[in-house]
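J.: If you scroll down you'll find the structure; I have some questions about it.
We did not get these values from a lab; they are worked out from the coordinates using the rules stated. Here the structure is a predicted model, which means the values were calculated and not measured. Cβ coordinates were reconstructed from backbone atoms using ideal geometry, including for glycine residues, and neighbour counts include every protein chain displayed.
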Amino acid sequence: MDVIVIGGGISGVATAYQLRAAGHRVCVIERHATVAQGATYGDGGALLPSPLDVWFGPTFMRQRQPRDSGIVYKPGFNGGVRRFVKQLGTLREPDAFAAQYARLRPLIDASRDMLADIEARLELEFEQKPGILHVVRDPRDWEAMQPALDLLRTLDQPYRTLSADECAALEPSVPAEPGFAGGVLLETERTGNCPLFAKLVKQTLDEHGVQFRFGADVAAIRVDTGRAAVELVPTGDRHASNAREVDVISADAIVVAAGAGSLPLLDRLGWRLPLHPVRVHTLTAPVAYEEHAPHLSVVDSIKRISITRTHQRLRVGGAGVLQSLPDTAKPLAEPLSEAALALLGQAVHDWVPGAARISAALSWQGTQLLSPDGLPVVGPTPHPRVFVNFGHGPAGWGLACGSAKVVTDYLGGDVQHWPADTLAALRAGRFTT
Ligand SMILES: Cc1cc2nc3c(=O)[nH]c(=O)nc-3n(C[C@H](O)[C@H](O)[C@H](O)COP(=O)(O)OP(=O)(O)OC[C@H]3O[C@@H](n4cnc5c(N)ncnc54)[C@H](O)[C@@H]3O)c2cc1C
């Protein structure tokens, strides 16, 4: 089949890889000049999600002050954001959390397998590093996290719970004083450089005949003919009045993997999904003192802020800003941006003091999509030629390779080997039933 993939982030690149491996002819359309320029650019580096990494669960926004949850929360008068947060909040309940994680787990397992397969075939070097240390400050948060630890116990994922002193002994850049509740070491889990991974896979795809059209903005998807098609306009010319400038490319199937850009494309087809864009931030700062720089990746599990070292730099990622849809579409107001970056700077100060020169840090912000039930949107749509793969929230790299396989299996009519409740939980149609 001829398949168009919209979006050159990690979801689009991984989808193109699986489609090509299944024998399809693939064209990836990306509005930027290269791959990995959207949320993928800011990726914090954790390869595969554990029960401690997913956005839903027992510790999701349970603090009275949102900033204590690592979030800048500005719903304004918008009831939609509050409803969204309330819905995600229902998954704090341990049984609901465990049931939702069970639906997600086959996707995580498939991602692990697909990633291992890609690594074995392509022998990629993307700055992989083992060892992720989750740390928790407040004993009440540690208590609240227990259902996630209970779940971890049931998985094959090796982990160790540690006291503050044990954390400090293992990772001397984390001070034992002031005291904190404890940590969880995922010693075999890895971090890596997600944009680099995407670029390396893209290079391989170039060699295998996958086309990449950069600097092209998909203005709309057409589904009114026997084949599906996309309308392309050069980037920056979205509202071109001159119809001759609109290029139309048709294909047997289209996969929408356009991250936050997916919603407007589906909206125009009359498919409105209740996902919410969240602005997230990174700081990339030079290492200040070698002896204070962490060798493990350190994650503030409650604030969902990750601190990862790559060479002589520390990348600190997280600090979501939750606003109404119209506000998220506008440039972020300076005070909110400052508040978000202050959360990241504070995390460095709290967990690896002296490790990085925050005053010399480069900041970045991007948008990622979250769904109200914490799971991505992967699979078919009401139109048999249009498929979707987005909304992975904070685990997009971790889920990219498995999600790509789901979409590819749908295209090939070969999904019987996937658990039915996982497929149902990922489908876009779940929101309409
Ligand atoms: C700070 C931060 C830390 C993170 N940490 C982790 C982590 O540790 N582990 C993990 O697994 N995940 C993490 N994530 C999440 C993960 O990075 C994202 O879920 C993932 O990158 C999303 O990939 P994507 O391809 O779906 O979206 P994107 O990377 O946003 O890609 C979508 C692409 O589509 C293009 N596009 C959109 N609309 C159009 C259009 N109309 N026409 C043409 N092109 C279009 C965009 O330009 C963009 O390049 C983190 C994210 C951030 C921001």
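J.: Compute the acute angle (0 to 90°) between the alpha-carbon long axis of helix 94-122 and the principal axis of greatest extent of the alpha-carbon atoms of the chain; round to the nearest 10°.
T.: 70
J.: Mind checking which of VAL256, VAL248, VAL184 has the largest fluctuation in a GNM of the chain, springs on alpha carbons under 10 Å?
T.: VAL248
J.: Hey, another quick one. Going by a ≥ b ≥ c, the root eigenvalues of the Cα gyration tensor, does region 62-189 fall in the rounded group (a/c under 1.5), the prolate group (a/b larger than b/c) or the oblate group?
T.: Cα axes put region 62-189 in the oblate bin.
J.: Moving to a separate point now. Would you tally the net charge around THR284, using a Cβ to Cβ cut-off of less than 14 Å, leaving THR284 out, and scoring K and R as +1, D and E as -1?
T.: Result for the neighbourhood of THR284: +2.
J.: Compute a Gaussian network model of the chain, connecting alpha carbons closer than 10 Å, and tell me which residue from LEU115, LEU196, LEU124 fluctuates the most.
T.: Highest fluctuation among the options: LEU124.
J.: What is the local net charge at HIS349, summed over the other residues whose Cβ is closer than 15 Å to its Cβ (Lys, Arg +1; Asp, Glu -1)?
T.: Charge balance in the 15 Å sphere: +1.
J.: Check cross-link reach from LYS405 to the aspartates and glutamates: straight Cα distance under 13 Å, and skip same-chain residues fewer than eight apart.
T.: Within reach: ASP109, ASP113, ASP117, ASP414.
J.: Okay, moving on. I need the calculated FRET efficiency for the pair MET1 and HIS311, taking r as the beta carbon distance and R₀ as 56 Å, to the nearest 0.05.
T.: Between MET1 and HIS311 the formula returns 0.85.
J.: With both bridge residues required to lie in the chain, what share of the DSSP beta bridges run antiparallel, to the nearest 5%?
T.: Among the beta bridges of the chain, antiparallel pairing accounts for roughly 70 percent.
J.: Helix-only estimate, please: 222 nm mean residue ellipticity of the chain, summing -39500 (n - 2.57) across DSSP H runs of length 4 or more and dividing by its residues, to the nearest 500.
T.: -10000 deg cm²/dmol
J.: Nearest 10 degrees, 0 to 90: what angle lies between the long axis of helix 79-89 and the longest principal axis of the chain (Cα atoms)?
T.: 60
J.: If you take every residue apart from PRO419 with its C-beta less than 11 Å away from the C-beta of PRO419, what net charge results, scoring Lys and Arg +1 and Asp and Glu -1?
T.: After counting each charged neighbour, the total is 0.
J.: Relative to the longest principal axis of the C-alpha atoms of the chain, give the angle of the C-alpha long axis of helix 396-411, reported between 0 and 90° and rounded to the nearest 10°.
T.: Helix 396-411 and the main axis of the chain meet at about 30 degrees.
J.: Taking springs between alpha-carbon atoms closer than 10 angstrom, which of ALA395, ALA329, ALA404 fluctuates most in the Gaussian network model of the chain?
T.: ALA329
J.: Collect residues whose amide H, placed 1.01 Å from N in the peptide plane, falls under 5 Å from the amide H of VAL28; neighbours closer than 5 in sequence don't count.
T.: It is VAL5, GLN211, PHE212, ARG213, by chain and number.
J.: Follow-up. Relative contact order of the chain, please, whole-number percent, based on alpha carbon pairs below 8 angstrom and at least 6 residues apart.
T.: Relative contact order comes out at 27 percent.
J.: Going down the list LYS74/LYS199; LYS74/LYS330; LYS129/LYS202, which pairs span over 24 Å between their C-alpha atoms?
T.: Table pairs above 24 Å Cα-Cα are LYS74/LYS199.
J.: Another question about this same structure. Can you give the longest stretch of the chain with no exposed loop site, where a site means chymotrypsin sites (Phe, Trp or Tyr not before Pro) in a DSSP loop (not H, G, I, E or B) with at most 16 other C-beta atoms within 10 Å?
T.: Here the longest run is 78-288.
J.: Cα to Cα, under 15 Å, and not fewer than 8 places away if on the same chain: which aspartates and glutamates meet these conditions relative to LYS86?
T.: Cross-link targets: ASP373.
J.: Are there trypsin sites (Lys or Arg not before Pro) in region 1-82 that DSSP puts in a loop and that have at most 11 other Cβ atoms within 10 Å, and which ones?
T.: For trypsin sites (Lys or Arg not before Pro) across region 1-82 that sit outside H, G, I, E and B with at most 11 neighbouring Cβ atoms in 10 Å, the list reads ARG64.
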